[in-house]
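First comes the structure, then the notes that go with it.
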Amino acid sequence: MRWIVLLLSVCLTACIPVGEEVLQTYDAWLGTTSFTTQEREIFRGDDGKGLMTARPVIVTGPQGRAYGVLTNVRRRDTNGPVVDRMTSGNVILDYVPHDRLFTHCIDGCQRAEVGAITLNARAFRLAAVTGLPLRVWGRRGWYEGTVPAEAFARVLAMVERPP
């Protein structure tokens, strides 16, 4: 029982919703604060096996601000996703995979690749108006979807609000 209470208190203090659907997380070790939204599903394959979620993020700290998109590409079959590259239009994005793992273990587990796309401030601001169309290229084809503009706008508004 103590472990459950401890886990709940950590979750409640580490990830605090601020504003409408914007989550704020402080990392005392790094001295950084992250602002993001809930994951948004931006692709679901016709076969029901491929799925992709994404969410914009801004990290503030002693080194300034970092802008990006957190991604989660999943497959509901024995072959896990392996992302070769991500593009937006004809631009190859700065994508770094963080881990390949089993996630969403409710009725069996799904294989996933989680990672991050790094954006500059200008690209993030543009995405807050237009959204960010993504094409994810992998060994078994590609996924395509758009991270919604309103998600970028919410995060940006929270970070830039007056104190």
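The values are calculated or read from the model by the stated rules, or taken from the named source; none is laboratory data. What you see is a predicted model; the values in this text were computed from it and never measured. These accessible areas exclude ligands, DNA and RNA; they are computed on the full protein's heavy atoms, side chains included. Shrake-Rupley method; radii C 1.70, N 1.55, O 1.52, S 1.80 Å.
Whenever you get a sec, compute what percent of the accessible area on region 39-158 sits on carbon and sulfur atoms (1.4 Å probe). Please report the intermediate quantities before stating the final value.
Working: 3290 of 6440 Å².
With neighbouring chains kept in place, the figure for region 39-158 is 51 percent.
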Inset, instruction - Using a 1.4 Å probe and counting only protein heavy atoms, arrange 40, 161, 125 so the residue with the most accessible area comes first. - result: 161, 125, 40
Legend entry - Å² of accessible area per residue within region 39-158, as computed with a 1.4 Å probe and no ligands counted: 54 Å²
Legend entry - Percent of alpha-carbon pairs separated by more than 16 Å within region 39-158: 59 percent
